[in-house]
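First comes the structure, then the notes that go with it.
Laboratory data are not the source of any read-out in this text; all were calculated from the coordinates shown. No experiment lies behind these values; they were computed from the predicted model shown. Positions of Cβ are generated from backbone atoms using ideal geometry, with glycine treated the same way; all protein chains shown enter the neighbour counts.
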Amino acid sequence: MIIEPQQLLVFIAAGWLLNLTPGPDVLYIISNALRLGTRAGIVASCGIALGCCVHVLAAALGVGALLAASATAFTAIKWVGAAYLLWMGVRMLLAKPPDAGAGALAVAAVHRSAGSPKSLRAVFMGGFWTNVLNPKVVIFFLAFVPQFIAPGTENKTLAFLLLGLLFTVNALPVCAGWAFAASWMGRRVDTLQRGMHWLDRVAGAMFIGFGLKLAFTDSPKA
């Protein structure tokens with residue numbers, strides 16, 4: 001038995017609560033759903049989920065333990081992740097506002113562009129890199145998942161992979177909920193639509209904040 005039945009419910013509930021907590025991933029989903037619609041928010045969620053799968057695999061294979069033990073390895077990945085978040089933040093801050101005279105046609109055009117494969121591919125990859133370049137995620141899996149593995153489990157690596165996959169799949173409904181809620185707001189709040197370019201400014205500032213916070217995060221060994 002990989003996990004005790006009563007622990008399974010706790011594991012699922014804890015996963016939902018953790019994924020309701022705002023962070024870079026949630027912000028990325030909301031910003032894309034607000035600007036481009038529900039489909040883009042869900043695609044962003046799928047990109048983030050793939051990034052989580054990479055972290056689960058890395059933790060199960062011992063890379064997470066390496067990052068937790070090696071300040072050098074953690075710092076190297078930390079700076080790459082921080083640089084990526086800062087780059088996204090600056091790009092959002094410098095984004096040009098839409099043509100105010102275009103009105104509803106401009107909003108409709110933005111939503112139509114979200115359906116193009118090229119646009120959705122960019123949203124998906126942005127979600128993937130936002131997640132996979134954050135070394136704190138793999139440390140989180142390394143700390144969170146093992147406490148739910150049943151003591152008598154023989155193949156703990158397989159158990160870790162299965163529980164990590166369950167956590168990732170379990171997060172998708174919550175992420176989709178964020179996407180639907182943000183898209184609903186974007187369609188119905190006229191003021192939000194007219195000031196959509198300010199969303200980029202706010203999101204950009206928050207991404208820069210997340211990047212700086214990650215940059216100044218001490219390694220787990222410290």
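Rounded to the nearest 0.05, what FRET efficiency do residue 150 and residue 70 give with R0 = 30 Å and r taken as the Cβ-Cβ distance? Could you check?
On the way: r = 30 Å, r/R0 = 0.99.
The value I calculate is 0.50.
Could you give the length gained on full extension between residue 4 and residue 213, defined as 0.36 nm per residue of separation minus the Cα-Cα distance, in nm?
Details: separation 209, 0.36 × 209 = 75.24 nm, distance 3.64 nm.
Stretched out fully, the residue 4 to residue 213 stretch lengthens by 71.6 nm.
List 84, 28 from most exposed to least, where exposure is judged by having the fewest other Cβ atoms within 10 Å.
84, 28
Sorted by packing (mean other beta-carbon atoms within 10 Å per residue), highest first, where do 167-177, 145-155 land?
Ranked by mean Cβ neighbours within 10 Å, highest first: 167-177, 145-155.
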